[in-house]
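Worksheet: one structure, shown below.
Throughout, read-outs are computed from the coordinates displayed, never taken from laboratory work. Please read all numbers here as calculations on a predicted model, not as lab measurements. Neighbour counts run over all protein chains shown; Cβ positions are idealised from the backbone, glycine included.
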Amino acid sequence: MVYHNQFVAAIKSNGKILRESNNNTIYIPFDSTYEIIFKNLNSRDALVDISIDGQDVLDNNHIIVRANSSGSLEGFLKDNKVTNKFKFIRKTNQISNYRGDFIDDGIIRIEYRFAQIKPITITYNRIYNPMLIYHPLGCPCPICNPPVRIVPYYPYSPIITYSSTVTNSVGSSNQLYSTAVINPDVENIINNQANDTTGITVKGPESNQNFDKVNFIENLEENSHVIILNLRGVDEKTKQPIQEPVLVKRKITCPICGVSNKSRYKFCSNCGTALF
């Protein structure tokens, strides 16, 4: 799972969450179906945009992930329904010759923006104190005529109130609506990860996942955040196709000394070799 700026994203296949390496590379067998899961840890709603292999998979719509809630997308969206699940296949020479090769093949790009915090203004009115005999009515001193103070108060759940929700396979609330989102520059990340891409995502089996349409979000933060996930079907070290997906709970065998290490370890507990 990748955590970035109070937002978590991961890939799930056959009901199990896959583990990513240090450069957010996820190893998954060819011809596997998968879904993208995410969780918003912020106290504000998030607007999410997803593209795979450089193509928008939300049909020019966007997903809203409620504050402190999770959601998933298991396939290509059309209007408010997922028509086909995501399927990861090998990019053969025949596919390359017909379809072409693109620099962002194999890359999942998740962009999100949070709703703005709208402060609530609390006003303190002027108060006359008759007990102060030395201060007649209309006295301009700070005691009888205190200045008006504006105190910003940030509520736990700001500005957005929608009632339409739908629960998906992970018990989450997802909503979608249409608007434009500015994409930040991630060219350096794409150039470093996409040169050896050997797989692409295509339309797989039919899906019954549905989303509800909701009203427009009035205020969003100007800055957006991006999570990049890189799908691979071939082991970069052995150059052999992946037979089993690398799961989060799977122990890692050190390539130098052969000691099994816990999945959260980045270095071998025995010899100190980097495990990714």
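Here are some notes:
- With a Förster radius of 45 Å applied to the C-beta separation of Asn97 and Asn23, the computed FRET efficiency comes to 0.95.
- The length gained on full extension between Asn42 and Lys118, counted as 0.36 nm times the residue separation minus their Cα-Cα distance, comes to 25.9 nm.
- Cβ-Cβ FRET estimate between Gln240 and Met1, R0 fixed at 22 Å, reported to 0.05: 0.30
- Residue pairs, from the table Lys16/Lys91; Lys16/Lys78; Lys39/Lys266; Lys237/Lys266, whose Cα atoms sit over 22 Å apart: Lys16/Lys91; Lys16/Lys78; Lys39/Lys266
- Protection proxy ranking, peptides 108-114, 87-93, average beta carbon neighbours within 10 Å, highest first: 108-114, 87-93
- Chain lengthening between Ser260 and Arg90 when straightened (0.36 nm per residue, less Cα-Cα): 58.2 nm
- Here each label is just a point 7 Å from Cα along the line to Cβ, and for Thr273 and Ser51 those points are 3.9 nm apart.
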